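Input: a single structure, listed below in structure tokens.
The values are calculated or read from the model by the stated rules, or taken from the named source; none is laboratory data. Just so we're clear, the structure is a prediction, and the values are computed from it rather than from any experiment. Glycine also receives a Cβ, built like all others from the backbone with ideal geometry; neighbour counts cover every protein chain displayed. Please note that ligands, DNA and RNA were not included when accessible areas were found on the heavy atoms of the full protein model with its side chains. Shrake-Rupley method; radii C 1.70, N 1.55, O 1.52, S 1.80 Å.
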Amino acid sequence: MKSGRVWIFDLDNTLHDALPHIFPHINRAMTRYVMEQLALDEASANELRVRYWRRYGATLLGLVRHHGTDPRHFLWHTHQFPRLHSMLVFERGLRDMLRRLPGRKIVFSNAPAHY
């Protein structure tokens, strides 16, 4: 019998542990992006990145509001992962657990599609 249930899962820190490798990589890439785009030194760029993240919940939102940053350009340059598979920390048993859940499964992410 087919279930009418729909499960929505956030990708990062739900389907895999992004804390050890993915998020630090993104943070470094965002700081580098801010340095290059706003001509700031590393410490100033990192401080601005963190300030926007705390104030707006996303560094990108602060960059768009205050600097006219193109979101597509930002996301493309800050979400490059040449060795993504080796950076993933898989959750043991997750695949089997997901298979046992009845219904449709949808993965959500606020990351760009290429990620």
Checklist outcome for this item: Of (1) without any contact (Cβ under 8 Å) to a residue 12 or more places away in the chain; (2) assigned to a loop (DSSP other than H, G, I, E, B), residue 111 fails just (1)
Checklist entry - Name the pairs whose Cβ atoms lie under 7 Å apart, with the first residue in the stretch 17-31 and under 26 Å from residue 94 (Cβ atoms) and open to solvent by 40 Å² or more (accessible area, probe 1.4 Å), the second polar (S, T, N, Q) and not in a helix (DSSP H, G or I), and 6 or more positions between them or separate chains? => result 19/13
Checklist entry - Before we move on, is residue 50 in contact with a Pro (Cβ under 9 Å, 6 or more places away or on another chain), part of a helix (DSSP H, G or I) and at pLDDT 95 or above? => result no
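I'm trying to understand the selection: among the residues of the stretch 57-72, which are outside any loop (DSSP other than H, G, I, E, B) and either basic (Lys, Arg) or open to solvent by less than 70 Å² (accessible area, probe 1.4 Å) (or both)? Walk me through how you get there before you give the answer.
Within the stretch 57-72, the subset outside any loop (DSSP other than H, G, I, E, B) is 59-67, 71-72.
Listed by number, the residues that qualify are 59, 60, 61, 62, 63, 64, 65, 71, 72.
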Checklist outcome for this item: Apart from one, (1) open to solvent by 60 Å² or more (accessible area, probe 1.4 Å); (2) hydrophobic (A, V, I, L, M, F, W, C); (3) in contact with a Gly (Cβ under 8 Å, 6 or more places away or on another chain); (4) assigned to a helix (DSSP H, G or I) all hold for residue 7; the odd one out is (4)
Item to check | Residue, surrounded by the fewest Cβ atoms within 10 Å (Cβ to Cβ), within the stretch 88-108, restricted to residues that are in contact with a strand residue (DSSP E or B) (Cβ under 9 Å, 6 or more places away or on another chain) and among the aliphatic types (A, V, I, L, M) | outcome: 106
